[in-house]
Amino acid sequence: MIPFLDLKAQHAELEPQLMRAAQRVIGRAQFTLGPETQVFEAALAEFCGARHAVAVNTGTSALHLALLAAGVGPGDEVITTPATFVATIAAIQYVGAIPRLVDIDPDTWTLDPARIETAITPRSRAILPVHLHGRMADMTAIMNTARAHGLVVIEDAAQALGASADGLRAGAHGDLGCFSFYPGKNLGACGEGGAVVTNHPEFD
Ligand SMILES: Cc1ncc(COP(=O)(O)O)c(C=O)c1O
């Protein structure tokens with residue numbers, strides 16, 4: 001049987017670099033927030049075309065912390081899509097907010113911008129599009145709607161590192177962009193990982 005995802009094959013190719021990197025970290029014995037993290041954050045920000053990147057422990061935490069940073073709290077509504085992994089909804093619920101599910105565009109299979117307006121209420125605080133299956137949500141339309149209604153946009157780009165549209169990478173269109181580095185993701189860590197990118201210094 002051909003394995004769906006063969007991480008061992010990927011690691012075999014990278015083994016010398018991975019072992020050198022692990023030895024460097026172990027040798028320094030600084031296992032959290034060390035210089036490796038800073039180098040990674042700078043490289044990720046540059047790759048995404050964002051001013052800032054903050055590494056965190058998982059994609060779920062990235063979404064949770066992005067919502068907290070954006071001031072989304074109990075009773076607020078966050079417009080998102082049902083076509084996603086459960087963590088998108090969980091993160092909204094972690095801050096006490098209410099997910100307002102809007103259907104997908106059948107052409108892109110991502111949040112349908114044409115249906116967002118009808119879901120906006122006085123309690124709406126944010127729009128959380130999810131880029132999936134190698135396709136990005138229509139960020140130009142989503143950003144226009146968000147700006148017209150004073151809503152924050154948080155991109156769930158957990159599965160979309162490296163995707164781009166209109167000359168901008170996934171994560172750099174909205175106010176905050178969230179990534180997962182779970183081993184099976186586009187960029188898989190040797191363990192769990194996540195990050196938030198943003199162009200707004202107040203979120204850094
Ligand atoms: C769309 C989406 N959002 C969020 C997450 C959560 O990421 P993590 O597993 O790193 O917490 C995932 C992970 O599968 C995902 O696919």
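Computed from the coordinates by the stated procedures, all read-outs in this text should not be read as laboratory data. This structure is a prediction, so every number in the text was calculated from the model and none was measured. A quick note on method: Cβ atoms are made from the backbone with ideal geometry, for glycine too, and the neighbour counts reach across all protein chains shown.
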Of the candidates Gln17, Ala70, Gln30, the farthest towards the positive dipole end of the range 1-75 (Lys/Arg Cβ +1, Asp/Glu Cβ -1, centred on the Cα centre) is Gln30
Arg135 and Phe85 label points (each 7 Å along its Cα→Cβ direction) are spaced in nm at 2.0 nm
Simple SL model, points at 7 angstrom along Cα→Cβ for Phe40 and Ser164; separation in nm is 2.4 nm
Cα extents of the range 38-203 per principal axis, largest first, Å, are 42, 33, 28
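Roughly how large, in nm² to one decimal, is the mean projection of the convex hull of the alpha-carbon atoms in the range 1-109?
Values: hull surface 42.8 nm².
Here the figure is 10.7 nm², rounded to one decimal.
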Between Arg123 and Asn186, the two model label points (7 Å from Cα along the beta-carbon direction) sit apart by a distance in nm of 3.4 nm
Computed over the range 91-136, the Cα gyration tensor eigenvalues, each multiplied by 5 and square-rooted, give semi-axes in Å (largest first) of 21, 14, 7
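Based on Cβ point charges of +1 for Lys and Arg and -1 for Asp and Glu, what charge dipole magnitude is obtained for the range 1-110 about its Cα centre, in debye rounded to the nearest 20?
Details: 6 positive and 11 negative charges, 105 e Å.
So the dipole magnitude of the range 1-110 works out to roughly 500 debye.
For the chain, what is the calculated [θ] at 222 nm in deg cm²/dmol (nearest 500), taking -39500 (n - 2.57) for each run of four or more DSSP H residues and dividing by its residue count? Could you put the intermediate results ahead of the total?
Working: 6 runs with 71 residues, N = 204.
That comes out to -11000 deg cm²/dmol.
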Taking Cα atoms, the helix 139-149 axis meets the longest principal axis of the chain at an angle in degrees (rounded to 10) of 50 degrees
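Can you pull out the chymotrypsin sites (Phe, Trp or Tyr not before Pro) in the range 14-113 whose DSSP state is coil and whose Cβ has at most 16 other Cβ atoms within 10 Å? Let's see the in-between values first.
Working: sites: Phe31, Phe40, Phe47, Phe85, Tyr94, Trp109; in loops: Phe31, Phe85, Trp109.
For chymotrypsin sites (Phe, Trp or Tyr not before Pro) across the range 14-113 that sit outside H, G, I, E and B with at most 16 neighbouring Cβ atoms in 10 Å, the list reads Phe31, Phe85, Trp109.
Could you size up the charge dipole of the chain around its Cα centre, putting +1 on the beta carbon of Lys and Arg and -1 on that of Asp and Glu, and report it in debye to the nearest 20? Before the final figure, lay out the partial values.
Details: 13 positive and 21 negative charges, 78 e Å.
It works out to roughly 380 debye.
Can you run the Rg to Rh ratio on the range 153-204? Use alpha carbon positions and the Kirkwood inverse-distance Rh.
On the way: Rg = 11.1 Å, Rh = 11.2 Å.
For the range 153-204, the value is 0.99.
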